[in-house]
Amino acid sequence: MRKDVDLPARLRQGLAGLGLNLPDDRVDRLIGYVALLARWNAAYNLTAVREPADMVPRHLLDSLAILPWVRGPRLLDVGTGPGLPGIPLALADPTLRVTLLDANGKKVRFCRQAVIELGLGNAEVVQARAEDYRPPEGFATITARAVADLPSLVAAVRHLLGADTTLLAMKGVLPEAEMAKLSADGLAVAAHRLQVPGVDAERCLIEIRAPS
């Protein structure tokens, strides 16, 4: 672990680049999440990103870059893994009610521990496959980060896409062929290129809605 990096300063600088201004207590809790993830990652290999200094842009800022497109009050994070983007979004916006969904027991255990240690009263963790998940209430927003190709993702969550639900799929290079297939299937699809401070790779957000 690199000891010479001021993680809160790096996060604040990145937030400024995204046009976000979070109070100090939320910045502190976001850094607390990174510290917890780094600690668990040493034993359980939850993410390929090893250094907390790299987790700030590649996990925190990457997740928070989609905040302008997130609608509440209820958000479902499908295939959340170690809580991305769901936990950073829940920490940044306490008014969101976030459900973290994953089928992997190891990652679900980490998310449950993170919710406890971070005092995330606005987040719950569910272990299930998206295809099998039948919640009692719908969601305004569904997020997915690096989960399958777009047609497979839509097929997995189609039963969760209500008339007022937006699916936000986080991708690297713009998946034009996948988007075209969704459009041909009658879905409304829009793409937004993201500029994530500290991340050189291409990032984009695909916004998907079912036909009304």
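The values are calculated or read from the model by the stated rules, or taken from the named source; none is laboratory data. Remember, predicted model here, so these are calculated numbers, not experimental data. Don't worry about glycine lacking a Cβ; one is built from the backbone with ideal geometry, like all the others, and counts go over all protein chains shown. Ligands, DNA and RNA are excluded from the accessible area calculation, which covers all protein heavy atoms including side chains. Shrake-Rupley method; radii C 1.70, N 1.55, O 1.52, S 1.80 Å.
Structure data summary
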| item | result |
| --- | --- |
| The chain, accessible area per residue, ligands and nucleic acids excluded (1.4 Å, Å²) | 45 Å² |
| Using alpha carbons only: equivalent-ellipsoid semi-axes of the chain, gyration tensor based, whole Å | 27, 19, 16 |
| Globularity ratio of the stretch 133-212, using Cα Rg and 2.2 N^0.38 Å | 1.10 |
| Descending semi-axes in Å of the stretch 15-89, equivalent ellipsoid built from Cα gyration tensor | 21, 15, 11 |
| Degrees between helix 24-44 axis and first principal axis of the chain (Cα, 0 to 90, nearest 10) | 90 degrees |
| Distance (nanometres) between label positions extended 7 Å along Cα→Cβ at residue 163 and residue 6 | 5.2 nm |
| Tilt relative to the chain, helix 105-117 - C-alpha long axis, 0 to 90 degrees, to 10 | 60 degrees |
| Angle between the chain longest axis and helix 7-18 axis [Cα atoms, degrees, rounded to 10] | 40 degrees |
| Difference of contour (0.36 nm per residue) and Cα-Cα distance, residue 116 to residue 176 | 17.6 nm |
| Rounded percent of accessible protein surface that carbon and sulfur make up, the chain, 1.4 Å probe | 49 percent |
